[in-house]
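> My questions all concern the structure below.
The values are calculated or read from the model by the stated rules, or taken from the named source; none is laboratory data. If you're wondering where the values come from, they're calculated on a predicted model, not measured in any experiment. Here Cβ is always computed from backbone atoms with ideal geometry, including for glycine, and neighbour counts include all displayed protein chains.
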Ligand SMILES: NC(=O)c1ccc[n+]([C@@H]2O[C@H](COP(=O)([O-])OP(=O)(O)OC[C@H]3O[C@@H](n4cnc5c(N)ncnc54)[C@H](O)[C@@H]3O)[C@@H](O)[C@H]2O)c1
(Lines give C-alpha, C1' and ligand atoms only; values in the text may rest on other atoms or scores of the structure.)
Protein backbone atom coordinates (compact mmCIF):
# COMPACT_ATOMS: atom_id res chain seq x y z
CA UNK A 1 0.00 0.00 0.00
CA UNK A 2 2.71 2.39 1.06
CA UNK A 3 4.63 1.61 -2.13
CA UNK A 4 1.52 2.14 -4.26
CA UNK A 5 0.95 5.55 -2.74
CA UNK A 6 4.60 6.43 -3.17
CA UNK A 7 4.50 5.48 -6.85
CA UNK A 8 1.24 7.35 -7.46
CA UNK A 9 2.65 10.46 -5.82
CA UNK A 10 5.80 10.21 -7.89
CA UNK A 11 3.80 9.77 -11.08
CA UNK A 12 1.72 12.82 -10.18
CA UNK A 13 4.87 14.82 -9.60
CA UNK A 14 5.85 13.49 -13.05
CA UNK A 15 7.72 15.94 -15.20
CA UNK A 16 8.80 18.17 -12.33
CA UNK A 17 10.64 15.31 -10.70
CA UNK A 18 12.27 14.06 -13.87
CA UNK A 19 13.43 17.58 -14.73
CA UNK A 20 14.84 17.96 -11.23
CA UNK A 21 16.55 14.61 -11.33
CA UNK A 22 18.43 14.99 -14.58
CA UNK A 23 20.84 17.81 -15.08
CA UNK A 24 20.67 17.56 -18.88
CA UNK A 25 18.07 19.77 -20.51
CA UNK A 26 16.97 20.95 -23.92
CA UNK A 27 14.95 23.69 -25.56
CA UNK A 28 12.15 22.61 -27.90
CA UNK A 29 13.20 22.59 -31.55
CA UNK A 30 11.16 22.48 -34.76
CA UNK A 31 13.75 20.46 -36.66
CA UNK A 32 16.30 18.08 -35.17
CA UNK A 33 19.57 18.31 -37.12
CA UNK A 34 21.07 14.85 -37.04
CA UNK A 35 24.39 13.13 -37.77
CA UNK A 36 25.11 9.39 -37.80
CA UNK A 37 28.45 7.84 -36.89
CA UNK A 38 28.60 4.22 -38.10
CA UNK A 39 26.28 3.38 -40.98
CA UNK A 40 26.76 -0.38 -41.25
CA UNK A 41 23.79 -2.71 -40.88
CA UNK A 42 22.27 -1.10 -37.83
CA UNK A 43 23.09 2.56 -38.53
CA UNK A 44 21.62 2.35 -42.04
CA UNK A 45 18.47 0.68 -40.71
CA UNK A 46 17.99 3.44 -38.13
CA UNK A 47 18.76 6.09 -40.75
CA UNK A 48 15.89 4.78 -42.89
CA UNK A 49 13.54 5.00 -39.90
CA UNK A 50 14.61 8.53 -38.96
CA UNK A 51 14.12 9.77 -42.52
CA UNK A 52 10.44 8.80 -42.30
CA UNK A 53 9.85 11.01 -39.26
CA UNK A 54 8.75 14.65 -39.45
CA UNK A 55 11.16 17.37 -38.27
CA UNK A 56 14.43 15.61 -39.07
CA UNK A 57 17.30 16.87 -41.22
CA UNK A 58 20.35 14.63 -41.72
CA UNK A 59 23.38 16.89 -42.16
CA UNK A 60 26.40 14.62 -41.74
CA UNK A 61 27.45 10.96 -41.78
CA UNK A 62 30.67 9.28 -40.66
CA UNK A 63 31.94 5.80 -41.42
CA UNK A 64 35.45 4.49 -41.97
CA UNK A 65 34.03 2.18 -44.63
CA UNK A 66 33.59 4.38 -47.69
CA UNK A 67 31.17 2.01 -49.42
CA UNK A 68 28.88 2.04 -46.36
CA UNK A 69 29.18 5.82 -46.19
CA UNK A 70 28.24 6.25 -49.87
CA UNK A 71 25.33 3.83 -49.49
CA UNK A 72 23.99 5.84 -46.54
CA UNK A 73 24.41 9.14 -48.37
CA UNK A 74 22.28 7.70 -51.16
CA UNK A 75 19.64 6.60 -48.64
CA UNK A 76 19.41 10.26 -47.57
CA UNK A 77 19.25 11.72 -51.09
CA UNK A 78 16.73 9.04 -52.12
CA UNK A 79 14.55 10.31 -49.27
CA UNK A 80 14.65 13.78 -50.86
CA UNK A 81 17.16 15.49 -48.56
CA UNK A 82 20.45 17.14 -49.64
CA UNK A 83 23.53 14.89 -49.69
CA UNK A 84 24.97 14.94 -46.16
CA UNK A 85 28.68 15.62 -45.78
CA UNK A 86 30.71 12.44 -45.30
CA UNK A 87 33.52 11.82 -42.78
CA UNK A 88 35.74 8.81 -43.43
CA UNK A 89 39.35 9.92 -42.99
CA UNK A 90 40.06 7.80 -39.91
CA UNK A 91 38.56 6.06 -36.89
CA UNK A 92 38.56 9.39 -35.07
CA UNK A 93 37.15 11.51 -37.87
CA UNK A 94 33.92 11.67 -35.83
CA UNK A 95 35.66 14.47 -33.91
CA UNK A 96 35.55 16.73 -36.98
CA UNK A 97 31.90 15.80 -37.46
CA UNK A 98 31.09 16.66 -33.83
CA UNK A 99 32.65 20.11 -34.30
CA UNK A 100 30.06 21.13 -36.91
CA UNK A 101 27.75 23.90 -35.82
CA UNK A 102 24.64 22.59 -37.62
CA UNK A 103 23.93 19.52 -35.49
CA UNK A 104 21.64 18.89 -32.50
CA UNK A 105 22.00 15.12 -32.22
CA UNK A 106 24.73 12.56 -32.95
CA UNK A 107 23.43 9.00 -33.38
CA UNK A 108 26.11 6.37 -32.87
CA UNK A 109 25.85 2.84 -34.34
CA UNK A 110 29.51 1.84 -34.38
CA UNK A 111 31.05 -1.29 -32.80
CA UNK A 112 30.98 -1.37 -29.00
CA UNK A 113 34.42 0.04 -28.22
CA UNK A 114 33.51 3.32 -29.91
CA UNK A 115 30.24 3.97 -28.09
CA UNK A 116 31.61 5.92 -25.14
CA UNK A 117 34.37 7.84 -26.97
CA UNK A 118 31.89 9.08 -29.61
CA UNK A 119 29.15 9.89 -27.08
CA UNK A 120 31.60 11.85 -24.93
CA UNK A 121 33.00 13.74 -27.95
CA UNK A 122 29.47 14.63 -29.10
CA UNK A 123 28.41 15.96 -25.68
CA UNK A 124 31.64 17.89 -25.21
CA UNK A 125 31.00 19.51 -28.59
CA UNK A 126 27.53 20.61 -27.41
CA UNK A 127 25.39 17.91 -29.05
CA UNK A 128 22.87 15.49 -27.61
CA UNK A 129 23.78 11.92 -28.33
CA UNK A 130 22.06 8.57 -28.80
CA UNK A 131 24.21 5.48 -28.73
CA UNK A 132 23.58 1.92 -29.72
CA UNK A 133 23.79 -0.73 -27.01
CA UNK A 134 25.70 -1.17 -24.77
CA UNK A 135 26.56 2.47 -24.03
CA UNK A 136 29.85 1.54 -22.33
CA UNK A 137 32.19 -1.41 -21.75
CA UNK A 138 33.74 -0.58 -18.37
CA UNK A 139 32.68 0.90 -15.04
CA UNK A 140 34.92 3.90 -15.76
CA UNK A 141 33.26 4.51 -19.13
CA UNK A 142 29.83 4.43 -17.47
CA UNK A 143 30.89 7.16 -15.04
CA UNK A 144 32.47 9.12 -17.90
CA UNK A 145 29.09 9.21 -19.69
CA UNK A 146 27.24 10.31 -16.55
CA UNK A 147 29.78 12.98 -15.65
CA UNK A 148 30.00 14.34 -19.19
CA UNK A 149 26.22 14.57 -19.51
CA UNK A 150 25.96 16.35 -16.15
CA UNK A 151 28.84 18.70 -16.99
CA UNK A 152 27.64 19.64 -20.48
CA UNK A 153 23.87 19.53 -19.82
CA UNK A 154 23.49 17.36 -22.93
CA UNK A 155 21.37 14.24 -23.14
CA UNK A 156 23.00 10.86 -23.58
CA UNK A 157 20.38 8.26 -24.37
CA UNK A 158 20.83 4.61 -25.25
CA UNK A 159 18.91 3.12 -28.17
CA UNK A 160 17.31 0.24 -26.28
CA UNK A 161 14.57 -0.75 -28.68
CA UNK A 162 13.40 -3.69 -26.55
CA UNK A 163 11.76 -1.23 -24.16
CA UNK A 164 9.27 -0.37 -26.90
CA UNK A 165 8.01 -3.85 -27.71
CA UNK A 166 4.24 -4.03 -27.71
CA UNK A 167 3.98 -6.50 -24.83
CA UNK A 168 6.63 -4.68 -22.76
CA UNK A 169 4.60 -1.48 -22.77
CA UNK A 170 1.35 -3.37 -22.25
CA UNK A 171 2.70 -5.15 -19.17
CA UNK A 172 4.01 -1.80 -17.89
CA UNK A 173 0.51 -0.38 -18.34
CA UNK A 174 -0.92 -3.34 -16.41
CA UNK A 175 1.63 -2.92 -13.63
CA UNK A 176 0.66 0.73 -13.29
CA UNK A 177 -3.01 -0.30 -13.11
CA UNK A 178 -2.06 -2.58 -10.19
CA UNK A 179 -3.05 -5.84 -11.92
CA UNK A 180 0.19 -7.70 -11.27
CA UNK A 181 0.65 -6.29 -7.76
CA UNK A 182 4.20 -5.46 -6.79
CA UNK A 183 6.80 -6.77 -9.26
CA UNK A 184 8.93 -9.21 -7.24
CA UNK A 185 10.96 -11.17 -9.77
CA UNK A 186 11.59 -10.95 -13.49
CA UNK A 187 13.80 -12.70 -15.99
CA UNK A 188 14.78 -12.06 -19.56
CA UNK A 189 17.49 -13.09 -21.97
CA UNK A 190 19.49 -12.39 -25.04
CA UNK A 191 19.42 -15.87 -26.57
CA UNK A 192 20.52 -15.52 -30.16
CA UNK A 193 22.85 -17.82 -32.12
CA UNK A 194 25.41 -15.37 -33.54
CA UNK A 195 28.14 -17.86 -34.54
CA UNK A 196 27.90 -17.12 -38.25
CA UNK A 197 27.73 -13.38 -37.62
CA UNK A 198 30.78 -13.45 -35.37
CA UNK A 199 32.78 -15.56 -37.83
CA UNK A 200 31.58 -13.39 -40.69
CA UNK A 201 30.38 -16.41 -42.68
CA UNK A 202 27.12 -14.66 -43.60
CA UNK A 203 26.86 -11.54 -45.81
CA UNK A 204 26.00 -9.25 -42.89
CA UNK A 205 28.65 -10.74 -40.60
CA UNK A 206 30.21 -8.34 -38.11
CA UNK A 207 33.74 -9.62 -37.41
CA UNK A 208 34.31 -7.06 -34.61
CA UNK A 209 32.05 -9.11 -32.39
CA UNK A 210 34.43 -12.08 -32.42
CA UNK A 211 37.15 -10.28 -30.48
CA UNK A 212 34.83 -9.91 -27.48
CA UNK A 213 34.08 -13.64 -27.57
CA UNK A 214 37.79 -14.43 -27.63
CA UNK A 215 38.78 -12.11 -24.78
CA UNK A 216 35.82 -11.69 -22.45
CA UNK A 217 33.58 -13.91 -20.29
CA UNK A 218 30.29 -12.74 -18.76
CA UNK A 219 27.03 -11.22 -19.98
CA UNK A 220 28.30 -9.14 -22.91
CA UNK A 221 24.91 -7.88 -24.12
CA UNK A 222 22.71 -7.21 -21.08
CA UNK A 223 20.68 -4.16 -22.06
CA UNK A 224 18.10 -5.80 -24.35
CA UNK A 225 16.71 -7.93 -21.52
CA UNK A 226 17.50 -5.39 -18.78
CA UNK A 227 15.71 -2.42 -20.37
CA UNK A 228 12.16 -3.81 -20.21
CA UNK A 229 12.72 -5.23 -16.72
CA UNK A 230 14.12 -1.89 -15.53
CA UNK A 231 10.97 -0.12 -16.68
CA UNK A 232 8.74 -2.73 -15.05
CA UNK A 233 10.70 -2.56 -11.79
CA UNK A 234 11.30 1.22 -11.58
CA UNK A 235 15.09 0.83 -11.69
CA UNK A 236 16.68 4.28 -11.12
CA UNK A 237 13.14 5.57 -10.55
CA UNK A 238 12.04 4.35 -7.12
CA UNK A 239 14.36 1.36 -6.90
CA UNK A 240 17.88 0.61 -8.08
CA UNK A 241 20.16 -2.31 -8.87
CA UNK A 242 22.13 -3.12 -5.75
CA UNK A 243 24.43 -6.07 -6.53
CA UNK A 244 24.86 -9.06 -8.82
CA UNK A 245 26.43 -12.48 -9.06
CA UNK A 246 27.27 -14.16 -12.35
CA UNK A 247 28.24 -17.61 -13.62
CA UNK A 248 29.20 -18.86 -17.08
CA UNK A 249 29.22 -22.40 -18.41
CA UNK A 250 32.43 -23.50 -20.08
CA UNK A 251 33.11 -22.36 -23.65
CA UNK A 252 32.40 -25.09 -26.17
CA UNK A 253 30.32 -24.21 -29.25
CA UNK A 254 32.61 -21.64 -30.90
CA UNK A 255 35.58 -23.96 -31.23
CA UNK A 256 33.37 -26.83 -32.40
CA UNK A 257 31.83 -24.56 -35.03
CA UNK A 258 35.26 -23.35 -36.20
CA UNK A 259 36.60 -26.91 -36.54
CA UNK A 260 33.55 -27.92 -38.56
CA UNK A 261 33.46 -24.82 -40.79
CA UNK A 262 37.17 -24.07 -41.32
CA UNK A 263 38.98 -27.35 -40.56
CA UNK A 264 41.04 -28.35 -37.51
CA UNK A 265 44.19 -26.63 -38.79
CA UNK A 266 42.60 -23.21 -39.22
CA UNK A 267 43.71 -20.53 -36.72
CA UNK A 268 40.07 -20.05 -35.67
CA UNK A 269 39.85 -23.74 -34.73
CA UNK A 270 43.01 -23.37 -32.67
CA UNK A 271 41.81 -20.18 -30.95
CA UNK A 272 40.67 -20.42 -27.33
CA UNK A 273 37.36 -18.65 -26.83
CA UNK A 274 37.04 -17.18 -23.37
CA UNK A 275 33.30 -16.52 -23.48
CA UNK A 276 31.37 -19.31 -21.77
CA UNK A 277 28.44 -20.48 -23.88
CA UNK A 278 25.66 -19.81 -21.37
CA UNK A 279 25.91 -16.99 -18.84
CA UNK A 280 23.43 -16.49 -16.01
CA UNK A 281 23.50 -13.30 -13.97
CA UNK A 282 21.38 -12.75 -10.84
CA UNK A 283 20.68 -9.22 -9.65
CA UNK A 284 19.14 -7.92 -6.46
CA UNK A 285 17.50 -4.52 -6.11
CA UNK A 286 17.61 -2.11 -3.19
CA UNK A 287 13.92 -2.80 -2.49
CA UNK A 288 14.41 -6.55 -2.41
CA UNK A 289 13.34 -7.62 -5.90
CA UNK A 290 15.35 -10.15 -7.94
CA UNK A 291 16.20 -10.42 -11.63
CA UNK A 292 17.77 -13.16 -13.76
CA UNK A 293 19.45 -12.27 -17.04
CA UNK A 294 20.38 -15.01 -19.53
CA UNK A 295 22.99 -14.55 -22.23
CA UNK A 296 23.90 -17.01 -24.95
CA UNK A 297 25.14 -16.09 -28.44
CA UNK A 298 27.27 -19.19 -29.04
CA UNK A 299 24.97 -22.20 -29.03
CA UNK A 300 22.91 -23.82 -31.78
CA UNK A 301 19.37 -22.69 -31.01
CA UNK A 302 16.42 -20.70 -32.27
CA UNK A 303 16.31 -17.07 -31.16
CA UNK A 304 14.15 -16.89 -28.08
CA UNK A 305 12.38 -13.83 -26.72
CA UNK A 306 12.40 -14.72 -23.03
CA UNK A 307 10.56 -12.24 -20.86
CA UNK A 308 8.82 -13.21 -17.63
CA UNK A 309 7.61 -11.38 -14.58
CA UNK A 310 6.20 -12.52 -11.26
CA UNK A 311 4.26 -9.93 -9.31
CA UNK A 312 2.55 -10.31 -5.94
CA UNK A 313 -0.80 -10.71 -7.73
CA UNK A 314 0.05 -12.35 -11.03
CA UNK A 315 2.52 -13.35 -13.72
CA UNK A 316 3.30 -12.91 -17.43
CA UNK A 317 5.30 -15.19 -19.73
CA UNK A 318 6.26 -14.04 -23.23
CA UNK A 319 7.14 -17.57 -24.33
CA UNK A 320 3.69 -18.88 -23.56
CA UNK A 321 2.21 -15.48 -24.44
CA UNK A 322 0.00 -15.85 -21.40
CA UNK A 323 -0.99 -13.97 -18.28
CA UNK A 324 -2.29 -15.05 -14.90
CA UNK A 325 -4.01 -12.55 -12.60
CA UNK A 326 -5.15 -13.66 -9.15
CA UNK A 327 -8.87 -13.16 -8.71
CA UNK A 328 -9.42 -12.77 -12.43
CA UNK A 329 -7.77 -15.70 -14.20
CA UNK A 330 -8.91 -18.07 -11.42
CA UNK A 331 -12.24 -16.32 -11.07
CA UNK A 332 -11.57 -15.54 -7.40
CA UNK A 333 -11.33 -19.21 -6.57
CA UNK A 334 -8.22 -19.08 -4.40
CA UNK A 335 -9.54 -21.88 -2.17
CA UNK A 336 -9.48 -24.50 -4.87
CA UNK A 337 -5.70 -24.72 -5.24
CA UNK A 338 -5.85 -27.90 -7.28
CA UNK A 339 -7.48 -26.39 -10.32
CA UNK A 340 -8.79 -23.24 -11.85
CA UNK A 341 -5.35 -21.62 -12.03
CA UNK A 342 -5.73 -21.13 -15.75
CA UNK A 343 -3.47 -18.97 -17.84
CA UNK A 344 -5.19 -16.43 -20.07
CA UNK A 345 -4.10 -15.34 -23.54
CA UNK A 346 -2.13 -12.07 -23.53
CA UNK A 347 -4.36 -10.90 -26.39
CA UNK A 348 -7.34 -10.97 -24.02
CA UNK A 349 -5.78 -8.09 -22.11
CA UNK A 350 -4.95 -6.02 -25.21
CA UNK A 351 -8.45 -4.64 -25.44
CA UNK A 352 -8.11 -3.03 -22.02
CA UNK A 353 -4.38 -2.51 -21.53
CA UNK A 354 -2.80 -1.83 -24.92
CA UNK A 355 -0.24 0.91 -24.23
CA UNK A 356 -0.88 4.50 -25.26
CA UNK A 357 2.05 4.40 -27.71
CA UNK A 358 0.91 1.25 -29.48
CA UNK A 359 -2.67 2.49 -29.70
CA UNK A 360 -1.53 5.62 -31.49
CA UNK A 361 1.55 4.49 -33.42
CA UNK A 362 1.04 0.74 -33.86
CA UNK A 363 0.05 1.12 -37.52
CA UNK A 364 2.95 3.46 -38.34
CA UNK A 365 5.47 1.06 -36.80
CA UNK A 366 4.33 -1.90 -38.88
CA UNK A 367 7.13 -3.37 -40.98
CA UNK A 368 9.96 -1.70 -39.05
CA UNK A 369 12.60 -3.90 -37.41
CA UNK A 370 12.35 -5.76 -34.09
CA UNK A 371 8.57 -6.00 -34.03
CA UNK A 372 8.12 -2.26 -34.59
CA UNK A 373 10.47 -1.39 -31.71
CA UNK A 374 12.94 0.33 -34.04
CA UNK A 375 10.32 2.75 -35.30
CA UNK A 376 9.01 3.41 -31.78
CA UNK A 377 12.44 4.16 -30.28
CA UNK A 378 13.38 6.63 -33.04
CA UNK A 379 9.95 8.23 -33.01
CA UNK A 380 10.23 8.81 -29.25
CA UNK A 381 13.83 10.03 -29.50
CA UNK A 382 13.00 12.70 -32.07
CA UNK A 383 9.66 13.67 -30.50
CA UNK A 384 11.19 14.21 -27.06
CA UNK A 385 13.92 16.42 -28.53
CA UNK A 386 11.45 18.43 -30.61
CA UNK A 387 9.34 19.03 -27.49
CA UNK A 388 12.31 19.86 -25.28
CA UNK A 389 11.70 16.82 -23.04
CA UNK A 390 14.28 14.43 -21.60
CA UNK A 391 14.69 11.12 -23.44
CA UNK A 392 12.74 8.10 -22.13
CA UNK A 393 16.06 6.36 -21.39
CA UNK A 394 18.60 8.76 -19.91
CA UNK A 395 22.30 8.60 -19.10
CA UNK A 396 21.68 7.06 -15.66
CA UNK A 397 19.73 4.21 -17.28
CA UNK A 398 22.36 3.81 -20.01
CA UNK A 399 25.06 3.50 -17.33
CA UNK A 400 23.16 1.20 -14.94
CA UNK A 401 22.08 -1.24 -17.67
CA UNK A 402 25.46 -1.26 -19.44
CA UNK A 403 27.55 -1.70 -16.29
CA UNK A 404 26.11 -5.21 -15.90
CA UNK A 405 28.67 -6.42 -18.48
CA UNK A 406 31.90 -5.47 -16.70
CA UNK A 407 30.45 -6.43 -13.30
CA UNK A 408 29.35 -9.84 -14.58
CA UNK A 409 32.82 -10.36 -16.04
CA UNK A 410 34.39 -9.49 -12.68
CA UNK A 411 32.03 -11.86 -10.85
CA UNK A 412 32.62 -14.75 -13.28
CA UNK A 413 36.37 -14.25 -12.96
CA UNK A 414 36.16 -14.38 -9.16
CA UNK A 415 34.12 -17.53 -8.46
CA UNK A 416 30.82 -15.64 -8.76
CA UNK A 417 31.59 -13.17 -5.98
CA UNK A 418 28.90 -10.48 -5.52
CA UNK A 419 29.66 -7.17 -7.24
CA UNK A 420 28.15 -3.87 -6.09
CA UNK A 421 26.32 -1.92 -8.80
CA UNK A 422 27.31 1.76 -8.58
CA UNK A 423 24.50 4.23 -7.91
CA UNK A 424 25.00 6.45 -10.94
CA UNK A 425 22.09 8.67 -9.85
CA UNK A 426 23.89 9.41 -6.56
CA UNK A 427 20.73 8.90 -4.53
CA UNK A 428 18.33 10.53 -6.98
CA UNK A 429 16.72 7.14 -7.72
CA UNK A 430 14.65 7.76 -4.60
CA UNK A 431 12.94 10.82 -6.07
CA UNK A 432 13.02 10.23 -9.81
CA UNK A 433 9.56 9.65 -11.29
CA UNK A 434 8.79 6.11 -12.49
CA UNK A 435 8.23 5.65 -16.22
CA UNK A 436 4.61 6.53 -16.93
CA UNK A 437 3.42 4.54 -19.97
CA UNK A 438 0.68 7.12 -20.60
CA UNK A 439 3.44 9.72 -21.20
CA UNK A 440 5.26 7.46 -23.66
CA UNK A 441 3.19 8.39 -26.67
N1 LIG B 1 19.50 -2.46 -30.96
C2 LIG B 1 19.55 -3.46 -31.82
O3 LIG B 1 18.58 -4.18 -32.03
C4 LIG B 1 20.82 -3.70 -32.57
C5 LIG B 1 20.84 -4.54 -33.69
C6 LIG B 1 22.05 -4.70 -34.39
C7 LIG B 1 23.19 -4.05 -33.94
N8 LIG B 1 23.13 -3.25 -32.85
C9 LIG B 1 24.33 -2.52 -32.38
O10 LIG B 1 24.65 -1.56 -33.37
C11 LIG B 1 26.06 -1.40 -33.43
C12 LIG B 1 26.55 -1.61 -34.84
O13 LIG B 1 26.26 -2.93 -35.23
P14 LIG B 1 26.12 -3.34 -36.75
O15 LIG B 1 25.43 -4.62 -36.78
O16 LIG B 1 25.57 -2.21 -37.54
O17 LIG B 1 27.68 -3.52 -37.14
P18 LIG B 1 28.33 -3.25 -38.56
O19 LIG B 1 29.69 -3.83 -38.49
O20 LIG B 1 27.38 -3.68 -39.64
O21 LIG B 1 28.42 -1.65 -38.65
C22 LIG B 1 29.34 -0.88 -37.91
C23 LIG B 1 29.77 0.27 -38.81
O24 LIG B 1 30.57 1.16 -38.04
C25 LIG B 1 31.70 1.54 -38.87
N26 LIG B 1 32.78 1.97 -37.97
C27 LIG B 1 33.58 1.21 -37.20
N28 LIG B 1 34.41 2.00 -36.47
C29 LIG B 1 34.11 3.29 -36.79
C30 LIG B 1 34.61 4.55 -36.38
N31 LIG B 1 35.57 4.64 -35.45
N32 LIG B 1 34.06 5.65 -36.92
C33 LIG B 1 33.10 5.57 -37.86
N34 LIG B 1 32.57 4.41 -38.29
C35 LIG B 1 33.07 3.27 -37.75
C36 LIG B 1 32.00 0.31 -39.70
O37 LIG B 1 32.74 0.63 -40.85
C38 LIG B 1 30.60 -0.19 -40.02
O39 LIG B 1 30.08 0.39 -41.19
C40 LIG B 1 26.63 -2.37 -32.41
O41 LIG B 1 26.85 -1.70 -31.22
C42 LIG B 1 25.54 -3.38 -32.22
O43 LIG B 1 25.60 -4.00 -30.97
C44 LIG B 1 21.97 -3.08 -32.17
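For every residue, the table says whether it meets (1) farther than 18 Å from residue 385 by Cβ; (2) crowded, with 22+ Cβ neighbours inside 10 Å.
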position	(1), (2)
45	yes, no
51	no, no
85	yes, no
109	no, yes
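> A further question follows. If I filter segment 18-30 for residues that are surrounded by 17 or more Cβ atoms within 10 Å (Cβ to Cβ), modelled with pLDDT of 95 or more and over 22 Å from the mean Cα position of the chain (by Cα), do I get at least one hit?
Looking for residues that are surrounded by 17 or more Cβ atoms within 10 Å (Cβ to Cβ), modelled with pLDDT of 95 or more and over 22 Å from the mean Cα position of the chain (by Cα), one finds none in segment 18-30, hence no.
Rundown of residues vs (1) under 21 Å from the mean Cα position of the chain (by Cα); (2) modelled with pLDDT of 95 or more; (3) under 15 Å from residue 399 (Cα atoms), yes/no style:
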position: 148; (1), (2), (3): yes, yes, yes
position: 159; (1), (2), (3): yes, yes, yes
position: 167; (1), (2), (3): yes, yes, no
position: 181; (1), (2), (3): no, yes, no
position: 186; (1), (2), (3): yes, yes, no
position: 190; (1), (2), (3): yes, yes, no
position: 205; (1), (2), (3): no, no, no
position: 221; (1), (2), (3): yes, yes, yes
position: 237; (1), (2), (3): yes, yes, yes
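> Ok, one more. Can you tell me which condition residue 383 does not meet? The list is (1) within 16 Å of the ligand (Cβ to nearest atom); (2) modelled with pLDDT of 95 or more, and all the others hold.
(1) is the only condition that residue 383 fails.
> Report those helices (runs of 4 or more DSSP H) wholly inside segment 198-300 carrying at least 2 residues which are surrounded by 15 or more Cβ atoms within 10 Å (Cβ to Cβ) and within 16 Å of the ligand (Cβ to nearest atom). Spell out how you get there, then give the answer.
Values: elements: 208-215, 223-232, 253-262, 267-270.
Answer list for segment 198-300: 208-215, 223-232.
> Next question, about the same structure. For the subset of segment 74-83 comprising residues that are loosely packed, with under 14 Cβ neighbours inside 10 Å and farther than 11 Å from residue 61 by Cβ, which member is farthest from the ligand (Cβ to nearest atom)? Reasoning before the result, please.
Initially, segment 74-83 is screened for residues loosely packed, with under 14 Cβ neighbours inside 10 Å, giving 74, 77-78, 80, 82-83.
Of the ones still in play, those that are also farther than 11 Å from residue 61 by Cβ are 77-78, 80, 82.
Values: 77: 19, 78: 18, 80: 24, 82: 21 Å.
My answer is 80.
> A follow-up question, please. Show the residue pairs meeting these rules: Cβ distance below 7 Å; 6+ apart or different chains; first residue within segment 247-261 and farther than 23 Å from residue 417 by Cα; second residue assigned to a helix (DSSP H, G or I).
From residues that are farther than 23 Å from residue 417 by Cα, the pairs are 253/195; 254/195; 254/213; 255/269; 257/195; 258/268; 258/269; 259/269.
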